[in-house]
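Read through the structure below, which is laid out as structure tokens, and then see the notes.
The values are calculated or read from the model by the stated rules, or taken from the named source; none is laboratory data. These numbers come from a predicted model, not from an experiment. When we count neighbours, we look across all protein chains shown, and the Cβ atoms used for this are built from the backbone with ideal geometry, even at glycine.
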Amino acid sequence: MAEVLLKIDGIVKRFGGLVALNQVGLTINKGEIYGLIGPNGAGKTTLFNVLTGLYMPDEGSFTFDGTNLFRAQPHVVVGTGIARTFQNIRLFKEMTALENVMVGRHIRSKAGALGAVLRDKGTRAEEAAIRAKAQELLAYVGISDVADEFAKNLSYGHQRRLEIARALATEPKLLALDEPAAGMNPRETEELKALMEKIRASGITVLLIEHDVKLMMGLCDRIAVLDYGKKIAEGVPEVVRKDPKVIEAYLGVAHS
Amino acid sequence: MTVSVTTTPPANGKKVLGFLASAIILAILPFVVGNAFGNSWVRTLDFALLYVMLALGLNIVVGFAGLLDLGFIAFYAVGAYTFALLGSPHFGIHLPFYITLPLGALIAACFGLLLGTPVLKLKGDYLAIVTLGFGEIIRIFLNNLNAPYNLTNGPQGVNLIDPVSVGGFSLGKTHEFFGISFNSVYMYYYFFLALTVLVVIMAWRLQHSRIGRAWVAMREDDIAAAAMGINIRNIKLLAFALGALSGGVAGGLFASFQGFISPESFGLLESIMILAMVVLGGMGHIPGVILGAVVLTIAPEILRDVIGPLQMATFGKMIVDPENARMLLFGLALVVMMLVRPEGMWPSKRRKAEFDDAKKGH
């Protein structure tokens, strides 16, 4: 039996009268690549935002690595070990690639205003460590050569990678990627897939939202399918693909 | 991959030379100015330094953290009144400046938190309106807290505020060193200069730290910043408190320098003036903000001296009242500046990149 890393149960999220998530429950095991798919508007990104603390769920339970994260603030969620990227890239555009990753180290460092002003030995050592770690991560995702470019000047593929490096800088146990392959060409998608395999191999669990079903089937250990705010299927890709409810959600019902 | 861990560029000869040169220029500046134009201009220099401190404080809030604050003068007022009430005949308390000045700064920082807490969720225009209101509330309080208990002496203000002094050595008097006589405005110049240098170092170090990065991240995208583990609430409050701290120091210095303060000195126009210094100089860029503060303090004074005689020489009579003409020209200069160079006189690389984007229509 695999070890459970994240468990949500009965999660409800309403926006006014609209129920965006209706009693959603799922478990993610340590070390797996877990996929989340569903038609447009199914609530994938809403669920993502709940899992990363950007939305407060109305009901349900949410535990991660033994910690209760129900209605926790985003920085608490990140501190516990969940980091994310965004569907429409949200880098700090007028910061360099290196600075972007250094911001990701914020939660794992502690120099305060006093330390910053006095610049004592500990603060300087920490700052040097932040920089070194950020450079290491840029190398890890393969974009060291653009470290000093403003993020907005990077190519699309590099921006995606930079977002992943920034998320990794928070030392997550779970890395949540919101449509990382969107807008990528087949070659870039292949490279991204390799990067995700590498991240998983380093011991980080990966949660993935993606439209590219082919990519998902080849990459994910398990998949959950959302439709109209409800989970309609969960399991290994081969089984989920054949589930009549999933086929119906994607293709509609055949009328005779 | 080679990992370089240098955080500051190595100091080279050129840098040291530039540093020495500016130190010497700043040291002899009051004498040059005083001998050429008179002591009232040294006084203007003193005020320029006060405004540099204020602008650098506001720059932390507006430039670094991106929070538009239209009531910044309130912290100046809090610092000034703390200093005045604890060092004047008003209550008969005469605490030394090394207690009242830090205390004023601390109380100002607390007021920063007081302002920051209710506006945590506000941005842009809404934040500007609330901070504007906050500034006015402080001023109106100062104006009216003379009854039922006379705390601030109301519109009459507080008079005979103690000058900065240690053990009988007072900056309010003329002193003689090495056979050169230093008038009070000169004494204050060096004292203000020392504190300004401290404020500059504080602002610079904050900017280039973990905290400074968090501020920029929040300014650029607060949702992404939160998702990267930055506690938005704390980092915002910290910006308000630290900005207010420098404002409070400047306020205390102002009170001791003037010897008299009243609520009139802390109006909305002053807040806007300081904001103009930050924006015009180059938001978020310390050298730019210093330049902005110096230019905006000195330019109106020059205009004051020049406009009257100029009109007499050209038209043979006064056409526009010099005081009005001065503000007219000054306003015109601001408008022109914002049209041709909206990023400020001396913007940072980052800020320039933002404006280049805006020009391209992104």
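Figures for the structure shown
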item: Any chance B:Val216 is part of a helix (DSSP H, G or I), touching a residue at least 40 places away in the same chain (Cβ under 8 Å), away from chain A (no Cβ under 14 Å) and aliphatic (A, V, I, L, M); result: no
item: Matching residues, the stretch A:55-75, being of a type in the set (Gly, Ala, Ser) and away from every other protein chain (no Cβ under 14 Å); result: A:Gly60, A:Ser61, A:Gly66
item: Check on B:Met312, aliphatic (A, V, I, L, M), without any contact (Cβ under 8 Å) to a residue 40 or more places away in the chain and part of a helix (DSSP H, G or I); result: yes
item: Tally of residues being part of a strand (DSSP E or B) and free of Cβ contacts under 8 Å to residues at least 12 places away in the same chain across the stretch A:65-89; result: 1
item: Answer from A:Ile223, A:Ile199, A:Ile164, A:Ile232 - the residue that is among the hydrophobic types (A, V, I, L, M, F, W, C), at pLDDT 90 or above and assigned by TED's automatic domain parsing to the domain that holds A:Gly104; result: A:Ile164
item: Residue count, the stretch A:166-201 (criterion: within 14 Å of chain B (Cβ to nearest Cβ) and among the acidic types (Asp, Glu)); result: 2
item: Positions within the stretch A:138-165 being of a type in the set (D, E, K, R) and touching a residue at least 40 places away in the same chain (Cβ under 8 Å), in sequence order; result: A:Asp148, A:Glu149, A:Lys152, A:Arg160, A:Glu163
item: Filter result for the condition that a residue is at pLDDT 85 or above and within 14 Å of another protein chain (Cβ to nearest Cβ), over B:Pro347, B:Pro300; result: B:Pro347
item: Residue match in the stretch A:132-152 (condition: of a type in the set (A, V, I, L, M, F, W, C), assigned to a helix (DSSP H, G or I) and within 8 Å of another protein chain (Cβ to nearest Cβ)); result: yes
item: Close pairs from the stretch A:99-128: first touching a residue at least 12 places away in the same chain (Cβ under 8 Å) and of a type in the set (A, V, I, L, M, F, W, C), partner assigned to a helix (DSSP H, G or I) and surrounded by fewer than 22 Cβ atoms within 10 Å (Cβ to Cβ), Cβ under 7 Å, at least 6 apart; result: A:Met102/A:Arg131; A:Ile107/A:Gly79; A:Ala111/A:Thr123; A:Ala111/A:Glu126
item: Residues of the stretch B:305-340 that turn out to be surrounded by 16 or more Cβ atoms within 10 Å (Cβ to Cβ) and basic (Lys, Arg), as a count; result: 1
item: Any chance B:Gly248 is modelled with pLDDT of 95 or more and part of a helix (DSSP H, G or I); result: yes
item: Subset of the stretch B:98-117 (residues that are crowded, with 20+ Cβ neighbours inside 10 Å and not aliphatic (A, V, I, L, M)); result: B:Thr100, B:Gly104, B:Phe111, B:Gly112, B:Gly116
item: Which listed residue, of B:Tyr126, B:Tyr186, is surrounded by 12 or more Cβ atoms within 10 Å (Cβ to Cβ), within 27 Å of B:Ala27 (Cβ to Cβ) and hydroxyl-bearing (Ser, Thr, Tyr); result: B:Tyr186
item: Restricting the stretch A:24-45 to residues that are among the β-branched types (Val, Ile, Thr) and touching a residue at least 60 places away in the same chain (Cβ under 8 Å), the residue that is farthest from A:Ile232 (Cα to Cα); result: A:Ile33
item: Every residue from the stretch A:202-215 that is out of contact with any Cys (no Cβ under 9 Å at 6 or more places or on another chain), at pLDDT 85 or above and either not assigned by TED's automatic domain parsing to the domain that holds A:Pro186 or not polar (S, T, N, Q) (or both); result: A:Gly203, A:Ile204, A:Leu207, A:Ile209
item: Sole residue being surrounded by fewer than 13 Cβ atoms within 10 Å (Cβ to Cβ), assigned to a loop (DSSP other than H, G, I, E, B), polar (S, T, N, Q) and without any contact (Cβ under 8 Å) to a residue 12 or more places away in the chain, chosen from B:Asn150, B:Asn146; result: B:Asn150
item: Top-ranked residue of the stretch A:34-64 - restricted to ones that are more than 16 Å from the chain's Cα centre (by Cα) and part of a loop (DSSP other than H, G, I, E, B), ranked as nearest to A:Val206 (Cα to Cα); result: A:Gly38
item: Conditions (1) surrounded by 20 or more Cβ atoms within 10 Å (Cβ to Cβ); (2) touching a strand residue (DSSP E or B) at 6+ places or on another chain (Cβ under 9 Å); (3) more than 17 Å from B:Glu220 (Cβ to Cβ); number of the one not met by A:Gln87; result: (1)
item: Matching residues in the stretch A:104-125 - criterion: being in a helix (DSSP H, G or I), buried (at least 19 other Cβ atoms within 10 Å of the Cβ) and more than 7 Å from every other protein chain (Cβ to nearest Cβ); result: A:Gly115, A:Thr123
item: Subset of the stretch A:62-87 [hydroxyl-bearing (Ser, Thr, Tyr) and touching a Lys or Arg at 6+ places or on another chain (Cβ under 9 Å)]; result: A:Thr63, A:Thr80, A:Thr85
